[in-house]
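Asks: Okay, handing you the structure first.
Please treat every number below as a calculation from the coordinates, not as lab data. Remember, predicted model here, so these are calculated numbers, not experimental data. So basically every Cβ, Gly included, is an ideal-geometry build from the backbone, and we count neighbours across all protein chains shown.
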Amino acid sequence: MDILWPQPEYLQISYFKEKTPYLSGHIGHNETYHQSCPPGFRRHCFGLSILPGFYEDILYSRYHISPGLLSEAILELGKGSMPIEGAMILKQMSVALPSSEYVVPFYEAKTLELIVSILKWYTKKDCYASKGFSPKDEERINETIWFIKDHYSKLLELSALAKIASMSISKFTSVFKVITGVTVLEYIQNIRLEKAKELLTEPSPCIKSIASVVDYKHQASFSAIFKKEIGVSPTEYLREFSRIK
């Protein structure tokens, strides 16, 4: 399968399965993105590289974001793991199906969103103490987040999640929003919708079954929330994927 997508020249995207690159992408000078992979390939993770032109022409010139500050943040990031918000943005990029006329602004916006999330994480690390939070609290929230990701299809009650984090419900919800930028319920919904988007790209997807997998009892409710948050219905999303596949 070969796909040509117009994308910002500064952006390079590659997909990898385990340690072997099964699919690779390259940005050419004609501002097209060439992607190739063997038949039947399924992507398992997503990587992104930002070319120097992006730093000079967009980050610094347009938004006055210091490349040095971003470098410091990335170095600090290398000591741990990607912030949850950043991981979600990468996940959104990996399953997105922007139409050809919107693909350039989509990837530019998402790249900026990712960088902002990293800078927010880096600059607010020192703010936790002033809000009464500790690095240990962040670790506990992250443990809860991984629990949510592993159990998104089940009923997730605030009391049970707070218990996993060893916090009261009020402290848990407060710390969770500071660290992730969203409420617990919004986060759970986002995880479920991203999983639904992924399942819609599977062979012969069944929307009713997908709704059940992501813990929506009624297909109509699932479809309404999907369209409100994603901008298209599950059926429209599936149709678009089938068109470009």
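Asks: How far apart, in nm, are the 7 Å Cα→Cβ label points at Ser71 and Lys124?
Replies: Result for the modelled spin labels: 2.7 nm.
Asks: By how many nm would the segment from Thr235 to Asp57 grow when fully extended, if each residue of separation counts as 0.36 nm and the alpha-carbon distance is taken off?
Replies: Extra length from Thr235 to Asp57 when fully extended: 60.2 nm.
Asks: Taking other Cβ within 10 Å of each residue's Cβ, how do Val182, Val214 sort, fewest first?
Replies: Ordered by Cβ neighbours within 10 Å, fewest first: Val182, Val214.
Asks: Moving on to the next point. Determine the shape class of the stretch 138-216: with a ≥ b ≥ c the square roots of the Cα gyration tensor eigenvalues, call it rounded for a/c under 1.5, and otherwise prolate if a/b is greater than b/c, oblate otherwise.
Replies: Prolate, since a/c reaches 1.5 and a/b exceeds b/c.
Asks: Set the Förster distance to 25 Å, then compute FRET efficiency between Trp146 and Ser209 from the Cβ-Cβ distance, nearest 0.05.
Replies: Calculated transfer efficiency: 0.50.
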